[in-house]
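Enquirer: Please find one structure pasted underneath; my questions will follow.
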Amino acid sequence: MKGNTFISALGLFAGAQALLRFGCSQLSVQRLDPLVNPGVSPSPHLHQIIGGNSFNVSMDPANHDLAALSTCTTCQFTEDFSNYWTAVLFFRARNGSFHRVPQIAQAGMEGTKGGMVVYYMSDALFDTAQRSKVTAFKPGFRMLVGDVSSKTRDQARKYRQLSYTCMANQASRTPETVEFPKGPCRLGIMANHRFPTCWDGKNLDSPNHQDHVAYPETGTFESGGPCPATHPVKIPQLMLETVWDTSKFNNKADWPEDGSQPFVWSSGDSTGFSDHADYMFGWKDDSLQRAMDGHTYVSAPMLKTQTIAQQNKCTVRDMVNENFDGWLDKLPGDNMVM
Ligand SMILES: *[C@@H]1O[C@H](CO)[C@@H](O)[C@H](O)[C@H]1NC(C)=O
Ligand SMILES: *[C@@H]1O[C@H](CO)[C@@H](O)[C@H](O)[C@H]1NC(C)=O
């Protein structure tokens, strides 16, 4: 817990990257999911996507090399053409209308259009030495964390460390909850996605996009827990932070009369237990491995960077053509709130 505070302090006061910690602006918001629903347009629920502009309805690993096909990326590190995406947060007013919640940049990254902050770690967040060896993902690697159908705390617990932080200020990182925060959050809700850190060493993907990776057998990545024999290869801890600017929706008069909280994922989940995130690796050549082997903290001099203005320029076209601005009488895809 202390470590997280330390990192956020670094982010705030040094205005810099910690380990690999970098901002990526919004690439697109569309109802597409080339990992779980390849070729399906529109996909069942809305996603917000960052990364390389080769993002498409289908991204068959047999003929889609993200680093080769992308001509730009929304990420600060220009060799990262990966795609990362999550569901989109909506506010449901007392009258039943929905409004999309905007995303905001973190301190030190002001001016970044929406998006997320991405971390790649070889050691616990607060271990400044970063001496552990991790094996970077291989071309074609992809994975999913979380389950859109989780409805209970027990189901959600299968995924360690998917959590929410109610942001009282920019440095807030605790407490983390498995469900949506129950009250208004002054500076928004941060969704934290930490992916599994052990790989079977063979499969770039698996039918459920999860079985080729695993959590440490005991303990956690942070405590140096060993990988299970089935998944012996230690991969970087990939973590995504998304700040949803709920501050405009904090008027309790618009909140449900029964005292429940008003935010729902684009899938219709009002509990927060269905939280999930998708990753398609797309770093150019061995750039990620070099960065991980560099054991640097706060900066990564071996990587090329671009300005926030350049990050913001990279987009992909709207392939679904669906309006989700302003007040809506239903969620995109007509997903039922549950
Ligand atoms: C997306 O896929 C379509 C159909 O295969 C293709 O025509 C288009 O060029 C692709 N777009 C990008 C940005 O790769
Ligand atoms: C529902 O409530 C919101 C928030 O008060 C308001 O802005 C919106 O216009 C209302 N929608 C309808 C259809 O009344």
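The values are calculated or read from the model by the stated rules, or taken from the named source; none is laboratory data. These numbers were taken from a predicted model, which means no experiment stands behind them. Virtual Cβ from ideal backbone geometry, glycine too; neighbours counted across all protein chains shown. Accessible surface is based on the protein model in full, side chains and every heavy atom, while ligands, DNA and RNA are left aside. Shrake-Rupley method; radii C 1.70, N 1.55, O 1.52, S 1.80 Å.
Enquirer: For every helix of n ≥ 4 consecutive DSSP H residues, a contribution of -39,500 (n - 2.57) applies; sum these over the chain, divide by its total residues, and give [θ] at 222 nm rounded to the nearest 500 deg cm²/dmol.
Expert: One gets -2500 deg cm²/dmol as the mean residue ellipticity at 222 nm.
Enquirer: Where is the GNM fluctuation largest for the chain (alpha-carbon springs, 10 angstrom cutoff): 324, 77, 281?
Expert: 324
Enquirer: In addition: What residues qualify as long-range amide H neighbours of residue 28, i.e. H under 5 Å apart, gap of 5 or more or another chain, H built at 1.01 Å from N?
Expert: Distant-sequence amide H within range of residue 28: 49.
Enquirer: Ordered by residue, what ³J(HN,Hα) values in Hz, to whole numbers, does the range 303-309 give under the Karplus form 6.51 cos²θ - 1.76 cosθ + 1.60, where θ = phi - 60° and Gly and Pro are x?
Expert: Along the range 303-309, the couplings run 10, 8, 10, 9, 7, 4, 4 Hz.
Enquirer: Take the alpha carbon gyration tensor of the range 243-298, find the square roots of its eigenvalues, order them as a ≥ b ≥ c, and report rounded if a/c is under 1.5; if not, report prolate when a/b exceeds b/c, else oblate.
Expert: Prolate.
Enquirer: Continuing with the same structure: Taking loop as defined by DSSP and a crowding limit of 10 other beta carbons within 10 Å, which chymotrypsin sites (Phe, Trp or Tyr not before Pro) in the range 109-173 fit?
Expert: Here no chymotrypsin sites (Phe, Trp or Tyr not before Pro) fit, given the DSSP loop and packing criteria.
Enquirer: Calculate, for residue 289 and residue 319, the FRET efficiency according to 1/(1 + (r/R0)^6) with r their C-beta to C-beta distance and R0 25 Å; round to the nearest 0.05.
Expert: Computed FRET efficiency for residue 289 and residue 319 comes out at 0.20.
Enquirer: Largest first and to the nearest Å, give the Cα extent of the range 204-338 along each principal axis.
Expert: So the extents along the principal axes, rounded to whole Å, are 51, 41, 31.
Enquirer: Let me ask something else about it. Within the range 183-231, list the trypsin sites (Lys or Arg not before Pro) lying in a DSSP loop whose Cβ has at most 11 other Cβ atoms in a 10 Å radius.
Expert: Qualifying residues, ordered by number: 202.
Enquirer: Given contacts defined as C-alpha pairs under 8 Å and at least six residues apart, what's the relative contact order of the chain, whole-number percent?
Expert: It comes to 28 percent, rounded to a whole number.
Enquirer: Label-point separation (nm) for residue 202 and residue 110, each offset 7 Å from Cα along Cα-to-Cβ?
Expert: Going from the residue 202 label point to the residue 110 one covers 5.3 nm.
Enquirer: Within the set of other residues whose C-beta is less than 9 Å from the C-beta of residue 35, count the net charge using Lys and Arg as +1 and Asp and Glu as -1.
Expert: -2
Enquirer: With the full set of protein chains in place, find how many percent of the accessible area of the range 2-317 is carbon and sulfur; take the probe as 1.4 Å.
Expert: Carbon and sulfur together cover 54 percent of it.
Enquirer: Among 107, 207, 57, whose Cα lies farthest out toward the positive end of the dipole of the chain, if unit charges sit on the beta carbon of Lys, Arg (+1) and Asp, Glu (-1)?
Expert: My answer, from the dipole projection, is 107.
Enquirer: Before I look further, what does the range 2-317 give for accessible area per residue, probe 1.4 Å, in whole square angstrom?
Expert: 39
Enquirer: So, one more: DSSP loop (so not H, G, I, E, B), at most 14 other Cβ within 10 Å: list which GluC sites (Glu not before Pro) in the range 173-226 pass both filters.
Expert: Within the range 173-226, the qualifying GluC sites (Glu not before Pro) (loop, at most 14 other Cβ atoms within 10 Å) are 217.
Enquirer: From Cα pairs below 8 angstrom and at least 6 apart in sequence, can you work out the relative contact order of the range 197-264, rounded to a whole percent?
Expert: Answer for the range 197-264 is 29 percent.
Enquirer: Once phi is turned into θ = phi - 60°, what whole-Hz ³J(HN,Hα) does the Karplus curve with 6.51, -1.76 and 1.60 give for every residue of the range 72-84, x standing for Gly and Pro?
Expert: Running phi through 6.51 cos²θ - 1.76 cosθ + 1.60 with θ = phi - 60° gives 7, 9, 8, 8, 4, 7, 6, 8, 9, 9, 4, 10, 9 Hz.
Enquirer: Around residue 310, with a cut-off of 13 angstrom between Cβ atoms, what is the net charge of the other residues, counting Lys and Arg +1 and Asp and Glu -1?
Expert: Overall, the nearby charge balance is +3.
Enquirer: Among 275, 80, 205, which one shows the highest mean-square fluctuation when the chain is modelled as a Gaussian network with alpha-carbon springs under 10 Å?
Expert: The residue with the greatest mean-square fluctuation here is 205.
Enquirer: Moving to a separate point now. Please work out the FRET efficiency for the pair residue 310 and residue 258, using the Cβ-Cβ distance as r and a Förster radius of 30 Å; give the result to the nearest 0.05.
Expert: Efficiency, rounded to the nearest 0.05: 0.05.
Enquirer: Once you place label points 7 Å from the Cα toward the Cβ at residue 151 and residue 247, how far apart are they in nm?
Expert: Simple spin-label model gives 3.6 nm for this pair.
Enquirer: Please give the net charge around residue 256, taking every other residue with its beta carbon less than 12 angstrom from that of residue 256, where Lys and Arg add +1 and Asp and Glu add -1.
Expert: Residues close to residue 256 contribute a combined charge of +1.
Enquirer: What translational D, rounded to a whole number of µm²/s, comes out for the range 2-317 from Stokes-Einstein when the hydrodynamic radius is the Kirkwood one over Cα pairs, at 20 °C and 1.002 mPa s?
Expert: Rounded, D is 109 µm²/s.
Enquirer: Would you work out the charge dipole size for the chain about its Cα centre, treating the Cβ of every Lys and Arg as +1 and the Cβ of every Asp and Glu as -1, and quote it to the nearest 20 debye?
Expert: 560
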